[in-house]
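All remarks here apply to the structure that follows.
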Amino acid sequence: MTATTNSDALKNRTKRFALLVIGLCQALPRSQASTVITRQLLRSATSVGANYRAVCRARSSADFVSKLGIVLEEADETLFWLELLVDSGVAHPDKTVPLIKEANELVSIFVASLRTAKGLKSAI
C-alpha cells in the first residue's frame, strides 16, 4: 500500500468515525448532561477527520508533526467523552463499545505515526 492509499484510507476511516459519532449523539436521550457531553464529543470527533486532512497537506515535517499532534489530542479527547457518556449513565455501553474501540485504534495509529514522524524528523 502506498502512502497516498494509506492516507486516503485513514481520511475515509476518520470521516466514517465522525459520522458514527454523529449518529450516536442524535440517538441519545435529551438531558442537560447529554447536551453538554455530546456537544464536546461532536466537536472533538469531527475534528479528528478534519485535522487529519490538514495533516495530509502539511508543508514540512515540522508542520506534519504539529498537525498530527493536534489529531492525536482530538482523538484522545473523543475517547474521553465517549467514556464519560457511559460512566455517567447517559449512554448504554452497547452503543458506545464499537466507537470506543475505534477511538482507541485511531489513538494508537496516531501515536505510532507521531513517533515515526518525530524519529524521521530528527534523522533529517
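Here the spin labels are modelled as points 7 Å beyond Cα on the Cα-Cβ line, and at Glu105 and Ser7 they lie 2.2 nm apart. Note on the range 1-49 and the range 70-107: Cα centroid distance 10 Å, given to the nearest whole angstrom. Summary value for the range 3-123: 27 percent relative contact order, contacts being C-alpha pairs under 8 angstrom separated by 6+ residues. Each stretch of four or more DSSP H residues adds -39500 (n - 2.57); spread over every residue of the chain, this sum gives -31000 deg cm²/dmol at 222 nm.
Residues in the range 90-104 carry Karplus couplings, in order, of 5, 10, 6, x, 4, 7, 10, 3, x, 6, 5, 4, 5, 4, 4 Hz; the curve used is 6.51 cos²θ - 1.76 cosθ + 1.60 with θ = phi - 60°, and Gly or Pro positions show x.
Looking at the chain, how many pairs of lysines come closer than 19 Å at the Cα, when each pair is eight or more places apart or spans two chains? Write down the numbers at each step before the final one.
Details: Lys11/Lys67; Lys11/Lys101; Lys15/Lys67; Lys15/Lys95; Lys15/Lys101; Lys67/Lys118; Lys67/Lys121.
Close lysine pairs found across the chain: 7.
Computed from the coordinates by the stated procedures, all read-outs in this text should not be read as laboratory data. Owing to the predicted nature of the structure, the values given are computational and were not obtained by experimental measurement. Cβ sites come from the backbone with ideal geometry, for glycine too, and all protein chains shown count toward neighbours.
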